[in-house]
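Taking it in order: structure first as structure tokens, then the write-up.
Read-outs: derived from the displayed coordinates by stated rules, not from any lab. Keep in mind that this is a model prediction, so the values were computed, not measured. Cβ placement follows ideal geometry from the backbone for every residue including glycine, while neighbour counts extend to all protein chains displayed.
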Amino acid sequence: MPRHSLKTQCPSCGIYDYHKVVKSDSTHYRWDNEISDFFIEKTGRDISFREHIRKCSTCSHQFYTVQMAKLYLKTMIDEIKTLQSEQQRILKENQNLTNQVKRLQSKLMMIQRLAAE
Ligand SMILES: [Zn+2]
């Protein structure tokens with residue numbers, strides 16, 4: 001029975017198709033110690049994934065895809081959302097502090113002018 005490939009998007013030309021797997025690695029990959037610590041903290045387990053090399057049916061570009069439990073993808077997406085939210089908070093805080101510095105500089109200049117009189 002022929003194995004059907006998953007429909008994926010080629011990162012080179014953008015075509016969605018059943019790009020053929022040309023190599024499948026049975027190794028269970030992890031990333032590095034820092035990332036292991038992150039996933040163990042967030043999920044209770046180290047990340048584990050498998051790599052496949054696919055060949056685009058249209059442009060012949062070869063690209064890696066990974067296979068992993070959805071839990072790890074969800075954890076990554078949740079972390080991205082948290083970091084984006086934190087980034088927005090920091091940008092807003094930075095803008096508020098910048099405005100505060102401008103107001104204080106303006107007051108300082110006024111005080112210096114009055115002191116010079
Ligand atoms: Zn392609």
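Restricting the search to the stretch 1-10, which residues are of a type outside the set (S, T, Y) and either away from the ligand (no atom under 16 Å from the Cβ) or surrounded by 12 or more Cβ atoms within 10 Å (Cβ to Cβ) (or both)? Result: M1, P2, R3, H4, Q9, C10. Of all positions in the stretch 77-97, none carries a residue that is over 22 Å from G14 (Cβ atoms), surrounded by 13 or more Cβ atoms within 10 Å (Cβ to Cβ) and among the aliphatic types (A, V, I, L, M).
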